[in-house]
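Scroll down for the structure; my scribbles are underneath it.
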Amino acid sequence: MDDQKTLPLPPGGTRVTPRRGRILPWVVLLIGLAGVLLLVLRLQTKVGSNQRFSLPPQAVGVAKVATSDMQVTDAGLGTVTSLAMVTVQTQISGVMQQVGFQEGQIVKKGDFLAQIDPRPYQALLQQAKGTLAHDQGLLAQARIDLARYARLNRQDSIGRQAYEDQVYVVQQYEGSVAADQGAVETQNVNLAFCHITAPINGRVGLRQVDPGNYITPSLANGLVVITQLDPISVIFTLPEDEVPAIQEQLAKGAKLQAVAYDRANTAELATGTLETIDNQIDTTTGTVKLRALFANPDQKLFPNQFVNIKLTVNTLHGVLTVPNAAVQTGAPGSFVYAVQPDSTVAVVPVQIGLTDAEKTQITDGLSKGQQVVVDGADRLRDGARVTLPGPAPAAVPGQHWQHKPGEHPWAGHRHHRDAASSDSAN
């Protein structure tokens with residue numbers, strides 16, 4: 001032990017030996033183990049990389065970037081509103097003798113609805129006619145007397161005052177006759193009111209009064225309500241930011257198409273056109289009301305029904321589009337997998353515009369005719385090799401595996417590997 005030195009013992013102490021020679025081998029051993037561990041990790045990384053890049057091409061579905069027309073649309077929630085809703089009221093008092101409609105019946109303007117007992121008004125009409133005839137007789141007599149007084153006045157046979165008085169008598173009778181004629185017309189109108197007819201085309205609601213009841217013009221609910229169903233309108237709302245674009249199209253004279261869907265926004269109910277925009281914006285909601293007009297012969301739109309409106313504001317022609325399934329979202333934002341000439345895919349960031357149920361507008365990043373992946377994108381990465389749908393490729397010398405179009409690549413790979421193993425076994 002040349003490296004160990006013996007130290008003198010202190011009084012009552014023990015001998016101490018230095019241990020630096022024992023620590024150094026452990027340090028060397030730890031460094032060696034770290035080096036071995038680092039080498040193993042590098043080998044695993046290299047093997048994993050080789051395995052990853054040796055994966056067979058992925059079978060994918062593709063589509064070409066195309067040009068097509070896209071519609072600029074706005075969607076809003078609306079309420080079906082009748083263009084005319086009339087509560088039928090009686091204009092006179094009387095007993096209702098007859099009802100001429102069925103509840104829920106479709107009626108046209110002028111159709112018979114109800115009959116009020118006309119006899120009291122017929123009696124009043126006869127009385128008014130009698131008064132008119134009496135006053136007409138008095139007027140005729142006064143006119144004859146006036147003609148006689150005028151002749152005598154010219155002959156200075158009577159005083160001028162008598163002649164002038166007769167002139168005013170004639171005027172009084174003329175006034176009475178005019179009043180009597182008005183009374184006759186009033187009774188004629190009352191008789192007409194006894195026969196109640198439909199004021200508009202529409203659907204009759206529930207009857208409010210039964211025959212035999214005494215009715216008056218002050219009835220709270222009237223006799224019945226008639227609602228116009230064809231055509232019909234929908235009042236819906238849109239954000240105020242959409243108003244300028246709509247106003248611009250209306251100023252050009254464009255007829256904007258409006259499509260009504262059911263509450264679930266799945267079934268199309270009717271197609272119409274935008275009729276008008278309200279004259280002010282609701283400051284509490286920041287929306288504006290619009291009215292769209294619809295033909296409704298099949299009565300799919302019902303008053304006060306809630307519907308969804310899709311308003312076509314403009315149509316963009318010849319824009320680049322891809323199927324919605326081609327657009328992916330990730331770290332670079334919106335991107336697509338574009339198929340390269342060497343049968344690999346590249347991640348291409350894109351700028352998107354309008355989107356509808358089937359396709360998405362591409363404003364930047366792609367050109368017409370490029371192929372993009374629409375099926376199988378979840379198994380891809382940048383630079384991955386792919387196979388496209390089509391006829392089975394011809395066998396390549398030295399190739400140990402191949403798969404049919406649409407078959408998962410690993411399936412064919414396992415098949416040929418098993419076959420090779422079998423051959424080796426044989």
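A short reminder: the numbers here are calculations on the coordinates, not readings from a lab. Predicted, not measured: the structure shown is a model, and the values here were computed from it. So basically every Cβ, Gly included, is an ideal-geometry build from the backbone, and we count neighbours across all protein chains shown.
Past the 14 angstrom mark, what percentage of all C-alpha to C-alpha distances in region 118-193 do you count?
Details: 1831 of 2850 pairs.
Here the tail beyond 14 Å accounts for 64 percent of pairs.
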## Note on the structure
In nm, the gap between the two label points placed 7 Å beyond Cα toward Cβ at ASN304 and TYR261 is 2.6 nm
#### Entry: Segment ARG207-VAL28, extension gain: residue separation times 0.36 nm, minus the distance between their alpha carbons
53.8 nm
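If the chain between VAL243 and SER334 were fully stretched, how many nm would it gain, using 0.36 nm times the residue separation less the Cα-Cα distance?
Values: separation 91, 0.36 × 91 = 32.76 nm, distance 2.93 nm.
Separation in residues times 0.36 nm, less the Cα-Cα distance, equals 29.8 nm.
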### Query
How far is it, in nm, from the label point at THR363 to the one at LYS109 when both lie 7 Å from their Cα along the line to the Cβ?
5.0 nm
### Query
Taking the C-alpha atoms of region 50-169, how large are the radius of gyration and the largest Cα-Cα span, Dmax, in Å?
42.9, 145
### Message
For a quick check: sort TYR214, TYR173 by the number of other beta carbons within 10 angstrom, fewest at the front.
### Response
TYR214, TYR173
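Average the reciprocal distances over every distinct pair of alpha-carbons in region 189-313, invert the result, and give the Kirkwood radius in Å. Each step should come with its number before you reach the end.
Working: mean 1/r = 0.0572 Å⁻¹.
Taking every pair of different Cα atoms in region 189-313, averaging 1/r and inverting gives 17.5 Å.
Could you quote the convex hull projected area for region 120-271, Cα atoms only and averaged over all directions, in nm²? Please list the in-between numbers first.
Numbers: hull surface 82.7 nm².
For region 120-271, averaging the hull's shadow over all directions gives 20.7 nm².
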### Message
Please report the projected area of region 178-222's Cα convex hull averaged over all directions, in nm².
### Response
4.7 nm²
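What pairs in LYS108/LYS300; LYS108/LYS310; LYS255/LYS300; LYS252/LYS289; LYS255/LYS359; LYS252/LYS310 have C-alpha atoms more than 28 Å from each other? Could you put the intermediate results ahead of the total?
Values: LYS108/LYS300 19 Å; LYS108/LYS310 32 Å; LYS255/LYS300 22 Å; LYS252/LYS289 20 Å; LYS255/LYS359 25 Å; LYS252/LYS310 20 Å.
Flagged as over cut-off: LYS108/LYS310.
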